[in-house]
Amino acid sequence: MRTYERRLSLAGLIPVLALAACAAPGAAPSAPAPSSDDPAVVHARLFTLDTHIDVEENIATAANDPGGFTTNQADLPKMRAGGLDAGFFILYSAQGPLDAAGYAAARQVVENKYAGIVRMTRAYPDQIALARTAADARAAVAQGKLVAFLGMENAYPLGEGVEDVSMWAARGVTYMGIAHFGHNQFGDSANGPGGTPAPPPVHDGLSPLGVELVHAMNRAGIMVDVSHSAKSTMMDAVSVSDAPIIASHSAVSGVYDNPRSLDDEQLRAIAATGGVAQIVAYASYLAPETPERAAAVAALREEVHLPAGASPATLYPESAALYAARMADIDRRLPRASVSDFVDHIDHAVAVAGIDHVGIASDFDGGGGIDGWRDASETEAVTAELLRRGYTEEQLDKIWNGNLLRVLEEVQAEGRELRGE
Ligand SMILES: [Zn+2]
């Protein structure tokens, strides 16, 4: 909507400027267009894309209406208020046992989330459009709509084969993560179950089935996502993939070390594929948490019976409301990582990988959110901090959408070529 309004107002300006030029023949013939470095103005001009927003299985039901003001960090009013134009809405399933029953249970969860995200776009067709390509996204924004891409976090629900990859591509999934918490049938994770430290390696990288998975994603035109994968798995994916790869939501260990984050070698390897590292606004990956805050959060999680690694999005509504209220109080008393910490990670990734290989992800409703960018309505704060550090609007355009959309186009073109289309 904002972009559309801007185009209308620019269109309205042109005759005025032409008239002014006629009326004042002595004026410079090609005065530069009026510009502003006001963050609000620049932010409103930018097409902002966030590559990781989690959803609950009941999204777009009476109990969880994304068109209203929800307790979620991302819903349609908050996206509009914060100028967050596009999001990858995530088909995430917690990993259970590596057996038929485990795969089937996870498959049901991602089917439910898929149905819910589609339901959201059907419920609000004049507000948000499902996109599969960069062109779809740009067309939706030109019509004043928000954009919903689909990403799958963890390929675990695919089971012991890769036959379903092309089906998910046909249903609009544009990236797929190899692993999540815990090693799986495709490769090793950066963590153990529930986000615990990684147990000893099982595959020491991609398994043979994981290699097949990367090939299947290349062929389907799905971006290979290495966030949550162990470094060994991620580096294997770099060497196996015929197309650029992405980290859909990761921080960098060059600023604050965490096994789940990307080190400089990984950043350079992603850039070498032509890919992109989407830096995640997940507080505990960005900066050390004070012991006081850690204790307060642990006590709260225990109070609402939220196991380690589980998302607050899995809570029943009453518990979720209590959790949100208590967490807001903790955030006020004991602030967590801030937008400044977050942009430290972006700065480092840009310095190591280059301006063409860095993007942004919130992980809203999946544990993301930081002091100053607590939900989608505060998205302008990120643009403001980047501007304050000297990024140009052209560079912000790359970080906020251009890099990721370039990779998506390349991956989809490579897929068509591999399929002989
Ligand atoms: Zn994640």
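Every number in this text was worked out from the coordinates using simple rules, so none of it is lab data. The structure displayed is predicted, hence computed values, not measured ones. Counting neighbours? That spans all protein chains shown, and the Cβs are built from the backbone with ideal geometry, glycine included.
Distances between placed amide hydrogens fall under 5 Å for SER338 paired with ASP371, all partners being 5 or more residues away or on another chain. Along the range 311-318 the Karplus relation, 6.51 cos²θ - 1.76 cosθ + 1.60 evaluated at θ = phi - 60°, assigns HN-Hα couplings of 7, x, 5, 8, 6, 5, x, 5 Hz to successive residues, with x for each Gly and Pro. The dipole here belongs to the range 261-392: it is taken about the Cα centre, uses +1 on the Cβ of Lys and Arg and -1 on the Cβ of Asp and Glu, and is about 120 debye. Packing-based ranking of 79-86, 295-302, 182-189 yields 182-189, 79-86, 295-302, ordered from highest to lowest mean Cβ neighbour count within 10 Å.
Scalar couplings 3J(HN,Hα) for the range 354-371, obtained by applying the Karplus form with A = 6.51, B = -1.76, C = 1.60 to θ = phi - 60°, are x, 4, 8, 10, 9, x, 9, 9, 8, 6, 4, 6, x, x, x, x, 9, 5 Hz; x denotes Gly and Pro. As a ratio to 2.2 N^0.38 Å, the alpha-carbon radius of gyration computed for the chain takes the value 0.99.
Which of the chymotrypsin sites (Phe, Trp or Tyr not before Pro) across the range 326-394 are loop residues per DSSP, with 14 or fewer other Cβ within 10 Å? Hits after loop and neighbour filter: nothing returned.
Which FRET efficiency value, to the nearest 0.05, is calculated for ALA104 and LEU322 with the Förster distance at 41 angstrom and r the Cβ-Cβ distance?
Here the calculated transfer efficiency is 0.80.
The amide H of GLY359, built 1.01 Å from its N in the peptide plane, has ALA277, GLN278, ILE279 as neighbours under 5 Å, considering only residues 5 or more places off or on other chains. Per-residue 3J(HN,Hα) values for the range 103-111, derived from phi via the Karplus relation 6.51 cos²θ - 1.76 cosθ + 1.60 with θ = phi - 60°, read 4, 5, 5, 5, 4, 5, 4, 5, 4 Hz in sequence order (x marks Gly and Pro). For the chain, the longest principal axis of the alpha carbon atoms and the long axis of helix 2-23 meet at an angle near 20°.
Taking a straight line from the alpha carbon of LYS78, these lysines sit under 21 Å away, with near neighbours fewer than eight places off in the same chain left out: LYS113, LYS145.
If R0 equals 51 Å, the separation of the Cβ atoms of ALA63 and ASP263 corresponds to a calculated FRET efficiency of about 0.75. Rg over Rh for the range 154-249 works out to 0.94, both radii taken from alpha-carbon positions and Rh defined as the Kirkwood radius.
A cut-off of 5 Å between modelled amide H atoms, ignoring neighbours fewer than 5 places along the same chain, links GLY161 with no other residue.
The stretch between ALA198 and ARG171, if pulled fully straight at 0.36 nm per residue, gains 6.5 nm over its current Cα-Cα span.
When the inverse distances between all different Cα atoms of the range 280-325 are averaged and flipped, the Kirkwood radius reads 11.5 angstrom.
Below 8 Å between Cα atoms, with a sequence gap of 6+, how large is the relative contact order for the chain in percent? Once normalised by length, the contact order is 18 percent.
Charged side chains reduced to their Cβ positions (Lys and Arg at +1, Asp and Glu at -1) give the chain a dipole of some 980 debye around its Cα centre.
Here the range 264-360 is treated as a Stokes sphere of Kirkwood radius computed over C-alpha pairs; at 25 °C and 0.890 mPa s its diffusion coefficient rounds to 160 µm²/s.
Label points 7 Å out from Cα along the Cβ direction at GLU111 and ALA142: separation in nm? The answer from the label model is 3.8 nm. Sorted into 10 angstrom bins from 0, the C-alpha pair distances of the range 291-421 split as 10, 32, 25, 22, 8, 1 percent. If you sort the three axes of the alpha carbon gyration tensor as a ≥ b ≥ c, you get a/c of 1.5 or more for the range 374-417 and a/b no higher than b/c, which makes it oblate.
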